[in-house]
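These notes are about the structure you will find just below.
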Amino acid sequence: MSTRGKFRSRQRSLLRGQHGAVQPFSDEDASIETLSHCSSFSDATSVADEGGETNEDSAQEDFQYKLKGFIDSTVDKSAKTRQGALDGLKTAMATRILYEFISERRMTITDSIERCLKKGKGEEQRAAASLACLLCIQLGSGIESEEVFKTLKPIFKNILADGSANIQARQAVATSLGLCTLVAEDDILDVQATMECFENLFTRSYAKADGTCPSISPQMSQLHTNSLLSWALLLTICSSSQLKDILQKHLPKLQRLLESDDVNMRIAAGETIALLFELARDIDSDFEFDGLDELCYKLNALATDCNKHRAKTDKRKQRSVFRDVLKAVEEGDFQSETIRFGTERMNIDSWVKKRTYDAFREFVGSGMNYHLQANEFIRDVFELGPPMLVDSATMKAMKISRFERHLHNSAAFKARTKARSKFRDKRVDVGEF
């Protein structure tokens, strides 16, 4: 099986009810969501030299007190206060690992998100939608996130389909619904139904038969773009039979989006086409597309676009992307990228992996490296294995503070202990049998 095929197979398995608990690891301010003692690999002076466990306990209490305050404030009468509370929770979940704290309060947080989505307006709904996605990322793929998503999915779909709803809320929901479905949906038929919701939106941006583009506002175009990107994300977990139907139905039509006046839509369409070709070749290495010559002509035109009516920055960005898209379509090539985090590195070596990485990064932002290091679910998605133990010499060479070294090794040690415990449990079961 190819690397791309293994990655897609791995993603599909995560949607079949496999639950990966998140191990605690955070930055210096995140303090200490469930610290455990380090192994012999950790720096023995890291705690003693900086005040010991008393300071850690105090910092942990202060941090949890702030989080509890944010949760309480999500039901405040003031919209401004609710907005601030949602943003505070978003920042915490994006940049820290809080599984144990959040797991105990997941339904309370879910109720607050539901209330803000139903009764809030604009920015509040947008923040609530993003928080829902971060909550699922923290909980990982399993029964806990499924419970959260079953509560919020009908609300997401209502907002997405409601033409009178706030456009910013619909844009946010279009993005959040895609990733929440990837993480927490337990039925592939429901995945398909959600994809149809996205299709109902982005297909409205298709150019007409005569080549003219529909008149769409920039805000509506962004909604259609977000819907297309979420649809593309869910392509990565479709079965082979589903993909064959999608290829036949959508591949000939998707190139109509390349005529869009919106550069972001053109780029999203190009990357989705490249993704579809990659998936098609995973199914059948001899895959052929009847309209290949015409498609390559359009892609080459966008890769060398000199249209004077377009902004220079738009043209530069577009040309760079479409050079890669053209190579993908013509040659099955992908421009690999290396992501470094801590002492590890990960290669983004396929369009499937790129779409998945970009989707997670959309929500965790600058916290992506922390999640790649310690979020067991995200590490599982990208096949990184359990969090790594790193010796003191390596940590010092990286110029990481003693406190951060302690946190890192605590998280890795706890993950290793948990993995060993699972192995022992299985061994006991076999012995008793």
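Derivation of every value follows stated rules applied to the coordinates shown; laboratory data play no part. If you're wondering where the values come from, they're calculated on a predicted model, not measured in any experiment. Counting neighbours? That spans all protein chains shown, and the Cβs are built from the backbone with ideal geometry, glycine included.
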### Net charge over other residues, Cβ less than 10 angstrom from the Cβ of GLN125 (K, R count +1; D, E count -1)
+3
### Local electrostatic count at GLN83 - Lys and Arg +1, Asp and Glu -1, tallied over other residues with Cβ under 11 Å
+1
#### Entry: Fraction of alpha-carbon pairs over 21 Å apart in the stretch 87-176 - percent
24 percent
### Message
Let's see if you can work this out: charge +1 on each Lys and Arg Cβ, -1 on each Asp and Glu Cβ, no other charges. What is the dipole magnitude of the stretch 244-374 about its Cα centre, in debye to the nearest 20?
### Response
740 debye
### Task
Could you work out the per residue convex hull volume over the alpha carbons of the stretch 259-348, in cubic angstrom?
113 Å³
### Summary
Once normalised by the length of the stretch 244-283, the mean sequence separation of its alpha carbon contacts under 8 Å that are 6 or more apart gives a contact order in percent of 39 percent
#### Entry: Loop-located GluC sites (Glu not before Pro) in the stretch 291-386 whose Cβ has at most 14 other Cβ within 10 Å (DSSP)
GLU383
### Task
Could you order peptides 137-147, 213-223 by the average number of other Cβ atoms within 10 Å of their residues, highest first?
137-147, 213-223
### Message
At 7 Å along Cα-to-Cβ for each site, give me the label-to-label distance between GLN192 and ASN300 in nm.
### Response
3.9 nm
### Query
Using only Cα atoms, what is the ratio of the radius of gyration of the stretch 198-296 to 2.2 N^0.38 Å?
1.05
### Task
Answer with one residue from HIS250, ASN264, PHE334: the one whose Cα lies farthest towards the positive end of the charge dipole of the stretch 249-392, charges on Cβ with Lys, Arg +1 and Asp, Glu -1.
ASN264
### Task
Note down the relative contact order for the stretch 205-292 as a percent, whole number, built from C-alpha pairs under 8 angstrom at least six residues apart.
34 percent
### Task
Would you mind calculating the relative contact order of the stretch 82-142 from Cα pairs under 8 angstrom and at least 6 residues apart, reporting the percent as a whole number?
50 percent
### Query
What ranking do 185-193, 198-206 get when scored by the average of other Cβ atoms within 10 Å per residue, highest first?
198-206, 185-193
### Message
With the cut-off at 31 Å, tell me which of the pairs LYS77/LYS150; LYS153/LYS327; LYS90/LYS315 have Cα atoms farther apart than that.
### Response
LYS153/LYS327; LYS90/LYS315
### Task
State the three equivalent ellipsoid semi-axes of the stretch 129-282, derived from the C-alpha gyration tensor as the square roots of 5 times its eigenvalues, in descending order and whole Å.
26, 20, 12
### Task
Between ASP333 and LYS118, take the C-beta separation as r, use R0 = 41 Å, and let me know the FRET efficiency to the nearest 0.05.
0.30
